[in-house]
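Presented below is the structure to which this report refers.
Values in this text are rule-based calculations from the coordinates and carry no lab data. Nothing here was measured: the structure is a model prediction, and the numbers come from that model. Please note: Cβ atoms are built from the backbone with ideal geometry, for glycine as well, and neighbour counts cover all protein chains shown.
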Amino acid sequence: MTTRESLSSLPIAIESYLQQLGTIRQLSPHTVNNYRRDLQLFTQYCEDSGAQDIHHIKPNIIRQHIAQQHRQGKSGKTLQRHLSSIRGLMAYLIQQGVIKTNPGNGIAAPKTARRLPHTLDADQTSQLLNIKQSSEQHNDILVIRDKAILELFYSSGLRLNELVTLDQDSYSASDRSVRVLGKGNKERVVPVGKKAIDALAQWSQVRHLLIKNDTNNALFLSKNGTRLKHRSIQQRIKEWGIKQGTDRPVHPHMLRHSFASHLLESSGDLRAVQELLGHSDISTTQIYTHLDFQHLAQVYDNSHPRAKKKN
């Protein structure tokens, strides 16, 4: 049993914190592993600095650790995640009564230019989703499943982990909506478009052909009847991108980015797009306004007489 005294040890505190992230907050294994890697780097720096006890960790230790990581070429985004991991650990220790203040507060990571996400335009998206079924029955089932997955990603802007964890009762055909569990264990209900509804209806008619265990309530099944895994979905979407002739590698988050970009371009409603994506901070959603401007600038450069370059 972990006691308040034992949590003064940095390695023990980290393991207790990571366990809480996985069991209480129910973060994905991928996210927990990211926290683990960040905190292991921090632990190594603290050991080298002689600060193995939690009470020896002061703001200057954290600041120097971030500076060292910056000198090693880590990006601003990575350093911000490092700081978030450390602050989260310290906040947990405050809750446990081990420390009284968070030494990570007030420390800022160096900023780097934010990269714009890659998206498909409307024509490229239509090309990707225009999937024809083959003549082989077993392959047909997987094609129907994959089309439903692709349509749902683009229709509702889901994250990969959100789609993987969907159960059959997460989707309501009558309400034309899907209930998803996003980051931080936050639930939201997202509309589902007609194309996705049609694709999901087809999938529901053949899903039983893959069932090996009646207790498996996963919405999307593998050919072995188990819940479809993250890596399998990533690989299948990549393969469909190649089969459909898209000019760039396709991945689940690209469909989420495309959903947001196309919706914002059509509606101009940034707040609504924030709600649909499940972003807690609207500044995260604002990246898509840059994409929208980029599109407008391209139209301008190609069309305006004063913008056209002379041959």
Starting from the Cα coordinates of segment 122-254, work out the convex hull volume and express it per residue in Å³. 110 Å³
What are the ³J(HN,Hα) values, in whole Hz, obtained from phi via the Karplus relation 6.51 cos²θ - 1.76 cosθ + 1.60 with θ = phi - 60°, for each residue of segment 213-219 in sequence order, with x given for Gly and Pro? 9, 5, 7, 6, 9, 4, 5
Taking the chain as a Gaussian network, where each spring joins two C-alpha atoms under 10 Å apart, which residue of ASN161, ASN60, ASN102 fluctuates the most? ASN60
Using only Cα atoms and rounding to the nearest 10 degrees, what angle (0 to 90) does helix 29-48 make with the longest principal axis of the chain? 30 degrees
Beyond 32 Å (Cα-Cα) in this structure, taken from LYS186/LYS223; LYS195/LYS243; LYS74/LYS243; LYS77/LYS195; LYS58/LYS183; LYS77/LYS194, we find LYS74/LYS243; LYS77/LYS195; LYS77/LYS194
Between ASP269 and ASN217, take the C-beta separation as r, use R0 = 41 Å, and let me know the FRET efficiency to the nearest 0.05. 0.75
Give me the distance in nm between label points sitting 7 Å out from Cα along the Cα-to-Cβ direction at LEU209 and GLN52, one decimal. 6.1 nm
How long is the gain from GLN127 to ILE12 if the chain were fully straight, where each residue apart is worth 0.36 nm and the alpha carbon distance is subtracted? 36.2 nm
Among (1) 5, 21, 26, 22, 17, 7, 1, 0; (2) 6, 27, 33, 21, 10, 2, 0; (3) 6, 23, 29, 26, 13, 3, 0, the entry derived from the coordinates for P(r) over Cα pairs in 10 Å bins from 0, in percent: (1)
Degrees, to the nearest 10: 287-303 long Cα axis against longest axis of the chain: 50 degrees
Run the simple label-point estimate for SER172 and LYS100 please: 7 Å along Cα→C-beta, distance reported in nm. 5.0 nm
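When ASP38, ASP169, ASP53 are ordered from fewest to most other Cβ atoms inside 10 Å of their Cβ, what list results?
ASP169, ASP53, ASP38
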In what order do THR78, THR125, THR215 fall by count of nearby beta-carbon atoms within 10 Å, going from fewest to most? THR215, THR78, THR125
Long-range amide H partners of SER177, meaning residues 5 or more apart or on another chain whose placed amide H is closer than 5 Å, are SER172, VAL192
Report the calculated FRET efficiency for GLN64 and THR289 (r = Cβ-Cβ distance, R0 = 45 Å), to the nearest 0.05. 0.80
Counting only helical runs of four or more DSSP H residues, what would the 222 nm mean residue ellipticity of the chain come to if each run contributes -39,500 (n - 2.57) and the total is spread over all its residues? -17500 deg cm²/dmol
What residue among HIS30, HIS251, HIS65 has the largest mean-square fluctuation in a Gaussian network model of the chain, using Cα springs under 10 Å? HIS30
Along Cα→Cβ, 7 Å out, is where each label goes; now give me the distance between the ones at HIS253 and THR31 in nm to one decimal. 1.4 nm
Helix 252-267 vs. the chain, principal-axis angle (Cα, 0 to 90°, nearest 10): 70 degrees
